[in-house]
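Contents: one structure, followed by commentary.
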Amino acid sequence: MFPYPDQYRNAIPPLMTGFIVLWALVGRAIAGLGSPVFYYPLLAMYPLILAAHVWLIWHARGMRRLDQGFYALVHCTLAFVVWTFAIMHLKDAGL
């Protein structure tokens with residue numbers, strides 16, 4: 001169906017990370033600080049990224065599993081930083 005299905009599958013976790021950034025920016029612009037409508041779905045996004053990487057590793061064959069594992073290690077580390085700053089951007093400071 002798709003000419004390059006591996007490339008589309010590999011793009012799922014970075015697209016989810018981009019969605020985290022957009023969700024935090026739009027959530028703060030619409031609802032302000034500390035809105036649970038935008039805050040709680042944001043908390044669920046990082047575990048979904050981890051699950052997507054596990055799925056990519058599971059469906060890889062041979063040495064591609066090692067490649068996917070390294071991709072997961074690098075991306076999950078960077079996505080955790082982005083996710084943390086998105087939470088800080090959206091969360092009420094309590095002031």
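All conditions but one from (1) open to solvent by 60 Å² or more (accessible area, probe 1.4 Å); (2) of a type outside the set (Gly, Ala, Ser); (3) at pLDDT 95 or above apply to Arg9; the one that does not is (3). Is it fair to say Gly69 is touching a residue at least 12 places away in the same chain (Cβ under 8 Å), over 18 Å from Ala24 (Cα atoms) and open to solvent by less than 70 Å² (accessible area, probe 1.4 Å)? For Gly69, the condition - touching a residue at least 12 places away in the same chain (Cβ under 8 Å), over 18 Å from Ala24 (Cα atoms) and open to solvent by less than 70 Å² (accessible area, probe 1.4 Å) - is met.
Counting only residues that are open to solvent by 90 Å² or more (accessible area, probe 1.4 Å) and assigned to a loop (DSSP other than H, G, I, E, B), segment 49-66 holds 2 of them. Quick check on Thr77: is it among the β-branched types (Val, Ile, Thr), without any contact (Cβ under 8 Å) to a residue 40 or more places away in the chain and surrounded by 11 or more Cβ atoms within 10 Å (Cβ to Cβ)? No. Just to be sure before I move on: is Leu33 more than 11 Å from the chain's Cα centre (by Cα) and surrounded by 14 or more Cβ atoms within 10 Å (Cβ to Cβ) in the structure I sent? Here the answer is yes, as Leu33 does meet what is asked. Does at least one position in segment 3-12 carry a residue that is in contact (Cβ under 8 Å) with a residue 24 or more places away in the chain, in a helix (DSSP H, G or I) and polar (S, T, N, Q)? Within segment 3-12, one or more residues are in contact (Cβ under 8 Å) with a residue 24 or more places away in the chain, in a helix (DSSP H, G or I) and polar (S, T, N, Q).
The values are calculated or read from the model by the stated rules, or taken from the named source; none is laboratory data. In this text the structure is predicted, and so the values were computed from the model without any measurement. Heads up, the Cβs are rebuilt from the backbone with ideal geometry, glycines too, and the neighbour counts pull from every protein chain shown. Note: accessible area is taken over every heavy atom of the protein model, side chains too, but ligands, DNA and RNA are not part of it. Shrake-Rupley method; radii C 1.70, N 1.55, O 1.52, S 1.80 Å.
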